[in-house]
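Encoded as structure tokens, the structure appears first; notes follow it.
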């Protein structure tokens, strides 16, 4: 079996660690409110070992977590007690880190910022948002805009696709006589290069 763990702070800023066992299908087994305990490697080791003991530690062969330094240290400590367990980095976290490095490239970063600015300028304006919805209904195509989330690398692609799928309606909005929008937003929407770059 594989033991996977991931920790974060919830909307109440409480520390939470979730444990999932894969055998091979994933089964959610525990959500731990860490309360006043810091996520130190020693604390995490004890919590991992508790879960393993509950489900028979001899059955586990892999422990999976993110790339954080405390998790990597935790895996070393678990390995001292469970030497046959193989610690692995979470593939999704690794891909997320890689995607963030790609997003730091100047050309791509500037393009993403422009896309986000276009989406926000339309979403924040009741008039533009309403006009866009009206055009979408008339054209019977397009979708709601989606803003990317910095912790989910795939959300950038989803955001670009939402722009691409709404391209015709956005062009109609930009050329409509009574539409008032920022010069930057209008210029981006009327720029063939901008529209073509949203195609993936």
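Any read-out appearing in this document is the output of simple, stated calculations on the displayed coordinates, not a laboratory observation. None of the values given here were measured: they were computed from a predicted structure. Heads up, the Cβs are rebuilt from the backbone with ideal geometry, glycines too, and the neighbour counts pull from every protein chain shown.
Average 1/r across all pairs of distinct alpha carbons in the range 1-142, invert it, and you get the Kirkwood radius: 18.4 Å. Considering only DSSP beta bridges with both partners in the chain, what is the antiparallel share in %, to the nearest 5? Bridges in the chain are about 70 percent antiparallel. Spin-label model, residue 28/residue 104: points 7 Å from Cα along the beta carbon direction are separated by 3.3 nm.
Cα centroids of the range 1-72 and the range 173-190: how far apart, whole angstrom? One Cα centre to the other: 50 Å. Let a ≥ b ≥ c be the square roots of the eigenvalues of the Cα gyration tensor of the range 120-161; is it rounded (a/c under 1.5), or, if not, prolate (a/b larger than b/c) or oblate? Taking the square roots of the gyration eigenvalues as a ≥ b ≥ c, the range 120-161 is oblate. Using C-alpha pairs under 8 Å with a sequence gap of at least 6, the mean separation divided by the residue count of the range 35-167 gives a relative contact order of 18 percent.
In which sequence would 100, 84, 93 go, from the one with the fewest C-beta neighbours within 10 Å to the one with the most? Intermediate results must be reported in sequence, preceding the final value.
Working: 100 13, 84 9, 93 18.
Sorted ascending by nearby Cβ count, the order is 84, 100, 93.
If each residue of separation counts as 0.36 nm, what is the full-extension length gain between residue 191 and residue 146 once their alpha-carbon separation is subtracted? Additional length available on full extension: 14.1 nm. Taking only the Cα atoms of the range 41-85, the ratio Rg/Rh comes out at 0.93, with Rh defined as the Kirkwood radius.
Quick note on the range 79-200: its Rg to Rh ratio, both from C-alpha atoms and Rh being the Kirkwood radius, is 1.17.
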